[in-house]
């Protein structure tokens, strides 16, 4: 089933100039970027995005980090994309992430782990609405699509 997921290239990803390398991994996997923008996360947006964590002791440092520098928000589309992206990212803590995953190759921190991705379809729907309006999505069947998946795969 075709799905969309939110991916955030966090401040550490932007500061380390890894944006292109991370995006190219999604593209090489055959996923479609259907919306993208660079922005600064405000404290208000951080509280909306991380609503389930606001009352936790670690939240102030999380908010400080996510608002510290620009991020890049992506809407990524593909078959079973929520699970696929999370598999590509690896464990949340870069020290525990398997080599070959994004975090396993580029991160050695729990918080500075480069990328956020939605953890469910419900989260993806909610999170995408925080960063994008309906007019931001550029749905387009790429010419390469038939070489990436069979017609009956979505």
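Residues of the range 59-82 that are surrounded by 15 or more Cβ atoms within 10 Å (Cβ to Cβ) and over 21 Å from residue 16 (Cα atoms): 59, 75, 76, 77, 78, 79, 81, 82.
Selection of the range 34-46 for residues being exposed (fewer than 15 other Cβ atoms within 10 Å of the Cβ) and free of Cβ contacts under 8 Å to residues at least 60 places away in the same chain yields 38, 40, 42, 43, 44. Please verify whether the range 90-108 includes one or more residues that are within 23 Å of residue 129 (Cα to Cα), without any contact (Cβ under 8 Å) to a residue 60 or more places away in the chain and either surrounded by 15 or more Cβ atoms within 10 Å (Cβ to Cβ) or out of contact with any strand residue (DSSP E or B) (no Cβ under 9 Å at 6 or more places or on another chain) (or both). There is no residue in the range 90-108 that is within 23 Å of residue 129 (Cα to Cα), without any contact (Cβ under 8 Å) to a residue 60 or more places away in the chain and either surrounded by 15 or more Cβ atoms within 10 Å (Cβ to Cβ) or out of contact with any strand residue (DSSP E or B) (no Cβ under 9 Å at 6 or more places or on another chain) (or both).
Restricting to the range 82-101, give me the number of residues that are over 16 Å from residue 9 (Cβ atoms) and outside any loop (DSSP other than H, G, I, E, B). Matching residues across the range 82-101 total 7.
Being assigned to a strand (DSSP E or B), touching a residue at least 12 places away in the same chain (Cβ under 8 Å), within 13 Å of the chain's Cα centre (by Cα) and surrounded by 13 or more Cβ atoms within 10 Å (Cβ to Cβ), is that true of even one residue in the range 116-134? So far as the range 116-134 goes, yes, one or more of its residues are assigned to a strand (DSSP E or B), touching a residue at least 12 places away in the same chain (Cβ under 8 Å), within 13 Å of the chain's Cα centre (by Cα) and surrounded by 13 or more Cβ atoms within 10 Å (Cβ to Cβ). In the range 5-32, the residue that is surrounded by the fewest Cβ atoms within 10 Å (Cβ to Cβ) out of those that are in a strand (DSSP E or B) and touching a helix residue (DSSP H, G or I) at 6+ places or on another chain (Cβ under 7 Å) is 9. The condition (being closer than 28 Å to residue 51 by Cβ and in contact with a helix residue (DSSP H, G or I) (Cβ under 6 Å, 6 or more places away or on another chain)) is satisfied by just one residue among 133, 118: 118.
Values quoted throughout were computed directly from the atomic coordinates according to the rules given, and no laboratory measurement underlies them. Keep in mind it's a predicted model, so treat the numbers as computed, not measured. Counting neighbours? That spans all protein chains shown, and the Cβs are built from the backbone with ideal geometry, glycine included.
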